[in-house]
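Notes for the one structure printed next.
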Amino acid sequence: MPETAERVPQKKRRALGDAGNRANYSPARVTGQKTAVIDESRKDARDLQNPMFEEYLRIIGVTGATRDRAIAYAVSKEKNAHGSVAQSTAASGVGVTRRGNEKKTALAGASSSKKRKAEMSLEEEIAAYKQNLDHIISRDAFEDDRLPSCNAVRARINKLLDAGIMNRTEFSQAIGMRSTTNLSNFLKQTGPYGGSGSAVYYSAWAWFKQREFAKLKMPDVKKRQAEERDAAASSAGASAKSEPTLKTAAATSLPDTSNIYLKGEETDSVSVWDTCDEVRRKINAHLKTPGLTQAQFCRDLFAQLNEPKIKDIRQKQLADFRAQKGPRTGAKSTVFYAAYVYFEKLRIALGKPKTIHREEMEHIWAWKGGFDRENDHRTSFIVAAGCHHFVDQYGRIVNASMLDRT
């Protein structure tokens, strides 16, 4: 009996010792303490693939491409610590991080190198931004994070689409939507909570968060295009072009409208023959002009006012107007009036004819002398009981019962 009592604690001590050794090779030690495995590999690494580290990866079930990236990460750590490695690996590098409950990811070495980024062409930069980053970090990793407002997500989507980096079909597919219907419906919503129940809300936000985590900034297409034009001009020997700027690049592609006069512009009372949605469509198309920035466009709009009641037109005012939906929504906005005057002068300068929509608007609103800018979507109307009214595509308040009779 005494001998047996002495042998039992000895077995327990061996088991505890084994558990302590296993703890040194646990995932928590690997991610949280820069790993005893990697430290051990630095002592006796004969080549880039340390047998002890490979054995650990085999034990925990890491195989294939993930195994190669993990080895490449250990090699990069070895190179940074000692300044020498036997050979380079094909993988660009993998980083492991803990986010919440052990979220693991890998960061591409190309995106973290400013020198390589500067050497990338615009097409390569766009391709890098559009690529699937699920192998770096899953979109589910952000499910516990606080989400921004729906308007903030919409603003980022519109910025992406306006820059021409992706179209609606590409972006819908990138965030896992089967069609563009969900995306279009989400973009039509307004307000900080408009569209909060849409699957696009979280999916789009997580898609952008992946790029933030990988330190990929949205390419500034207009700026890069201007830089590439300037570089091409200088390499071709265009010495006449000095100090090129985005402003001059945009100015050369747009006609001068300063000598065009519209009736009533001296008192800021030009008759408007477009709905708010039509002006928004023109703004979105115009902002795709190479070299034109939103700041410059806001200055162009403010220049159309002869008796301004505001100091200037800011980009937030422009963004707020663009985010709205509806033929009357934004009718009282200064951006609406100034943009209409600007595009009307631009149409005359380019010699373009009136569109069918414009001619229809002139016919419909001739009795009032132009589109109603005194009443917008917030205006209330008193109607008879049982009458149902709605706003049609031309901004008119229409009685539904009258349409049924016709």
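The largest accessible area among Tyr202, Tyr129, Tyr193 belongs to the first residue in Tyr193, Tyr202, Tyr129, and the rest follow in falling order (1.4 Å probe, all chains). Model label points for Lys352 and Ser234, set 7 angstrom from Cα along the Cα-to-Cβ axis, are 3.4 nm apart. The string of couplings for the stretch 270-281 from the Karplus curve (6.51, -1.76, 1.60, θ = phi - 60°) is 5, 5, 9, 10, 9, 7, 4, 5, 5, 5, 4, 4 Hz, one whole number per residue in order, with x for Gly and Pro.
Couplings 3J(HN,Hα) of the stretch 368-376, computed from phi: 9, x, x, 4, 6, 9, 8, 10, 10 Hz, in residue order, whole Hz [Karplus 6.51 cos²θ - 1.76 cosθ + 1.60, θ = phi - 60°; x for Gly and Pro].
For Arg378, Arg69, the ranking by accessible surface with the largest value first comes to Arg378, Arg69, using a 1.4 Å probe.
Could you pull out the trypsin sites (Lys or Arg not before Pro) across the stretch 152-217 that fall in loop regions by DSSP (anything but H, G, I, E, B) with no more than 10 other Cβ atoms inside 10 Å? Present the calculation step by step, with values, prior to reporting the outcome.
Numbers: sites: Arg154, Arg156, Lys159, Arg168, Arg178, Lys188, Lys209, Arg211, Lys215, Lys217; in loops: Arg178, Lys215, Lys217.
Within the stretch 152-217, the qualifying trypsin sites (Lys or Arg not before Pro) (loop, at most 10 other Cβ atoms within 10 Å) are Arg178.
Extending 7 Å from the Cα toward the beta-carbon at both Ile260 and Ile397 defines two label points whose distance is 3.4 nm. Amide H contacts for His389 (H built 1.01 Å from N in the peptide plane; partners 5 or more residues away or on another chain; cut-off under 5 Å): Ala400. Full extension of the segment from Lys188 to Glu227, taken as 0.36 nm per residue of separation minus the current Cα-Cα distance, would add 10.6 nm. Can you work out the FRET efficiency for the pair Asn284 and Thr66, with r the C-beta to C-beta distance and R0 = 56 Å, to the nearest 0.05? So, using R0 = 56 Å, E works out to roughly 0.85.
Between Ala155 and Glu362, the C-beta separation translates, for a Förster distance of 25 Å, into a calculated FRET efficiency of about 0.15. Restriction of the trypsin sites (Lys or Arg not before Pro) in the stretch 305-362 to DSSP coil positions whose beta-carbon has at most 10 other beta-carbons within 10 angstrom yields Lys309, Lys311.
The values are calculated or read from the model by the stated rules, or taken from the named source; none is laboratory data. Predicted model only: the values in this text are computed from it and were never measured. FYI the Cβ positions are ideal-geometry reconstructions off the backbone, even for glycines, and counts take in every protein chain you see. Quick note on the areas: whole protein, heavy atoms, side chains included, nothing else; ligands and nucleic acids left out. Shrake-Rupley method; radii C 1.70, N 1.55, O 1.52, S 1.80 Å.
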